[in-house]
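The values are calculated or read from the model by the stated rules, or taken from the named source; none is laboratory data. Worth saying up front: this structure is predicted, and the values here are computed from it rather than measured. Glycine gets a Cβ as well: all are built from the backbone with ideal geometry, and neighbour counts include every protein chain shown. The protein model used for the area step is the full one, side chains on, heavy atoms only, and it has no ligands, DNA or RNA in it. Shrake-Rupley method; radii C 1.70, N 1.55, O 1.52, S 1.80 Å.
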Amino acid sequence: MKLEGRTWLFGDNIDTDAIIPARYLTTTDPVELARFCMEDADPRFAGQVRPGDFVVAGKNFGCGSSREHAPLALKGAGVGCVIANSFAQIFFRNAVNIGLPILECEADLPGLLLPGEILQIDLARGQIVRLADGRMFASPPLPSFMQEIIKYGGLIECVQARLKKMD
Amino acid sequence: MVEKILARAGGKERVQPGDLLTVKIDLALGNDVTAPVAIKEFERLGLDRVFDPEKIVLVPDHFTPNRDIPSAEQALALRRFSSRYGLVHYFEVGRMGVEHALLPEQGFVQPGTVIIGADSHTCTYGALGAFATGVGSTDLAAAMALGEAWFKVPATMRFVYNGRLPSWVGGKDLILFTIGKIGVQGALYRAMEFCGPVIDQLTIDGRLTMANMVIEAGGLCGYIQPDQATFDYLKGRTRQPYQAVYSDHDAVYAETYTFDVSSLQPQVAFPPSPENVHPVGEAKGIQIDQVVIGSCTNGRLDDLREAAAVLKGHKVHPRTRLLVIPATQWIYRQAMAEGLLDIFIEAEAAISTPTCGPCLGGHMGILAGGERALATTNRNFTGRMGHRDSEVYLCGPAVAAASAVAGEIVHPEEVL
């Protein structure tokens, strides 16, 4: 899957309370959650994010709670991919499970990029390219079983397929 | 140890860190924030049964007793789901407690078992020798359907605590100190094993506090080797026979940290990160609007006893309000029987029914802009307890109680 998008830059340790504060967790609707997405990290985000935009962050993105509302809010906001140095483990699996594309990238992208710069990414090959100068950044591809979950469109779809086989 | 439990649950001879495998789970947990999403996903599967109605526990604890109409709808979703699928272990308000205090207390946690919970603090149960970790709602939905979950086997970090703990220093101080040393990414995707003479002497409540905050260091799970104290605690609680798993003498650790904690001061984590840890002396003079004693980290009986020992005969400072939240109905009742609640009320603290409430800025003690709280909870992120311009400092129950009396952060000895 190839994507192109505008970047929003964030630092290290963006926690799930910053992605979606607990006060809004009384809904499960991604579009409703998106209205408050990143409210405590960058109050402009929810109002200005456009479908297909990328969130680019430092280390340990999504640390804190297990709330799946965090990747759901990002997906609801139309975020095309989250790229970070590293992810907190629960956020990582939640993103895979709901089909929000994510990539790990060693390079210090929040330091190297300007806000709003355009990136092109190839999820299957784990490639990130800065449109302005064609500079390429490597990213390890996801393990095959996670690619399978994403191929099915999420864990539930994957389980549905397994249950069908069991019948 | 973690490798052994996962190998057994995954039907393998042995596994190594980095291996991916699917394991059978012994228990799956959800709450009123995460289970509604899981239920929605589960229902998309079109099944007429869950994998085992005895192995799913639902606890409405985050926004309950219901905060508002939307949270009431979420709690209702759990109630309806439990009834439709015949879940045996749904804990209604009046019978519930903060989930990670409730499950060990009610005997759901056994050494050597695999427990997943759609709540990040599920790692608490490692204190009793279980493999337990937080997952998301979709994982919970899949687990409710199949009784399975996938994991990457984590490498293990070992933490050895030597010496003898000073007065007023406990499990919370040990774990805050540790997070302060390794940072919030220090154990990313690793297991944290706690051991040494100090851990051997620590009460089960203190051990649960330590394992509870493993997630704050990025850890996948915590682990404390079961010992006589564990078996004594489990006696009369546990629901079925279990087989404890022990670490090998020649177990391989990714890293080992050894600390002598004989002169450790009580620890305080400054906002906005649990790694921003200082000895209590460095927090002196920081004025406090609200103190919260409770949560899955420090709302257990030992915590309330410790707070009461400090508060006895004192009043909460006029500029400060103190909220005490016993984590379960049993703890509440026990605290009443021991006269602890009298001490709290005499000190002019408010006592609440069990709830996660203020810890996550849910309800029952939200902060206004510019306000500052000191809490025995587990997270001090920006806006965690309310307004984005409010602050949360983290500490153990003795410092919390003493600071409520002083109106500012102090060492317990300063008010005694």
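Taken together, the residues in segment B:360-416 that are closer than 30 Å to A:PHE36 by Cα, in contact (Cβ under 8 Å) with a residue 24 or more places away in the chain and of a type in the set (D, E, K, R) amount to 5.
Residue by residue through segment B:33-57, note down the ones that are away from every other protein chain (no Cβ under 14 Å) and open to solvent by less than 20 Å² (accessible area, probe 1.4 Å).
The first filter runs over segment B:33-57 and keeps only residues away from every other protein chain (no Cβ under 14 Å), leaving B:52-57.
Within segment B:33-57, B:ILE56, B:VAL57 qualify.
The selection criterion, being farther than 23 Å from A:THR27 by Cα, touching a Leu at 6+ places or on another chain (Cβ under 8 Å) and without any contact (Cβ under 8 Å) to a residue 60 or more places away in the chain, holds for A:GLY52.
Condition first: assigned to a helix (DSSP H, G or I) and surrounded by fewer than 22 Cβ atoms within 10 Å (Cβ to Cβ). Can you find one or more residues in segment B:11-32 that meet it? Full working, then the answer.
First pass over segment B:11-32, keeping only residues assigned to a helix (DSSP H, G or I): none.
No, every residue in segment B:11-32 fails to be assigned to a helix (DSSP H, G or I) and surrounded by fewer than 22 Cβ atoms within 10 Å (Cβ to Cβ).
Could you list, in sequence order, all residues of segment B:224-251 that are among the hydrophobic types (A, V, I, L, M, F, W, C), touching an Asp or Glu at 6+ places or on another chain (Cβ under 9 Å) and part of a loop (DSSP other than H, G, I, E, B)?
So in segment B:224-251, the residues among the hydrophobic types (A, V, I, L, M, F, W, C) come out as B:224, B:229, B:231, B:234, B:244-245, B:251.
If we keep only those that are touching an Asp or Glu at 6+ places or on another chain (Cβ under 9 Å) too, we end up with B:224, B:229, B:251.
Answer for segment B:224-251, where residues must be among the hydrophobic types (A, V, I, L, M, F, W, C), touching an Asp or Glu at 6+ places or on another chain (Cβ under 9 Å) and part of a loop (DSSP other than H, G, I, E, B): B:ILE224, B:ALA251.
Tell me whether segment B:1-10 contains one or more residues that are in contact with a Phe, Trp or Tyr (Cβ under 6 Å, 6 or more places away or on another chain), open to solvent by 10 Å² or more (accessible area, probe 1.4 Å), over 20 Å from A:GLN160 (Cβ atoms) and outside any helix (DSSP H, G or I). Yes, segment B:1-10 contains at least one residue that is in contact with a Phe, Trp or Tyr (Cβ under 6 Å, 6 or more places away or on another chain), open to solvent by 10 Å² or more (accessible area, probe 1.4 Å), over 20 Å from A:GLN160 (Cβ atoms) and outside any helix (DSSP H, G or I). Within 19 Å of B:THR64 (Cβ to Cβ), open to solvent by 10 Å² or more (accessible area, probe 1.4 Å), part of a helix (DSSP H, G or I) and of a type outside the set (S, T, N, Q) - does that describe any residue in segment B:303-316? No, because not a single residue in segment B:303-316 is within 19 Å of B:THR64 (Cβ to Cβ), open to solvent by 10 Å² or more (accessible area, probe 1.4 Å), part of a helix (DSSP H, G or I) and of a type outside the set (S, T, N, Q).
Every residue, every condition in (1) surrounded by fewer than 19 Cβ atoms within 10 Å (Cβ to Cβ); (2) at pLDDT 95 or above, yes or no:
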| residue | (1), (2) |
| --- | --- |
| A:LYS2 | yes, no |
| A:ARG6 | yes, yes |
| A:ASN13 | no, yes |
| A:ALA22 | no, no |
| A:THR28 | no, no |
| A:ASP40 | no, no |
| A:ALA46 | yes, yes |
| A:VAL49 | no, yes |
| A:VAL55 | no, yes |
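Examine segment B:77-95 for a residue that is of a type in the set (Asp, Glu), in the same structural domain as B:VAL153 (by TED's automatic domain parsing) and under 18 Å from A:ASP29 (Cβ atoms), and state whether such a residue exists. No; the residues of segment B:77-95 include none that is of a type in the set (Asp, Glu), in the same structural domain as B:VAL153 (by TED's automatic domain parsing) and under 18 Å from A:ASP29 (Cβ atoms). Looking at segment A:1-45, which of its residues are facing another protein chain (nearest Cβ under 10 Å) and in a strand (DSSP E or B)? Listed by number, the list holds a single entry, A:ASP15. As a summary of the residue check, A:GLU106 satisfies the conditions (1) closer than 24 Å to B:LEU188 by Cβ; (2) within 17 Å of the chain's Cα centre (by Cα); (3) part of a helix (DSSP H, G or I) except for the one numbered (3).
Report yes if some residue within segment A:61-76 is surrounded by fewer than 24 Cβ atoms within 10 Å (Cβ to Cβ), of a type in the set (A, V, I, L, M) and more than 19 Å from B:GLY361 (Cα to Cα); otherwise report no. Spell out how you get there, then give the answer.
Start the filter on segment A:61-76 by keeping residues that are surrounded by fewer than 24 Cβ atoms within 10 Å (Cβ to Cβ), which leaves A:75-76.
Checking the rest, the ones that are also of a type in the set (A, V, I, L, M) come to none.
The answer is no; no qualifying residue exists.
Annotation note: of B:LEU416, B:LEU394, B:LEU374, the sole residue that is at pLDDT below 95 and either more than 18 Å from B:THR64 (Cα to Cα) or crowded, with 24+ Cβ neighbours inside 10 Å (or both) is B:LEU416.
Does B:GLN334 fit the bill of being at pLDDT 95 or above and open to solvent by 10 Å² or more (accessible area, probe 1.4 Å)? First the steps, then the outcome.
Details: at pLDDT 95 or above: yes; open to solvent by 10 Å² or more (accessible area, probe 1.4 Å): yes.
Yes: the conditions hold for B:GLN334.
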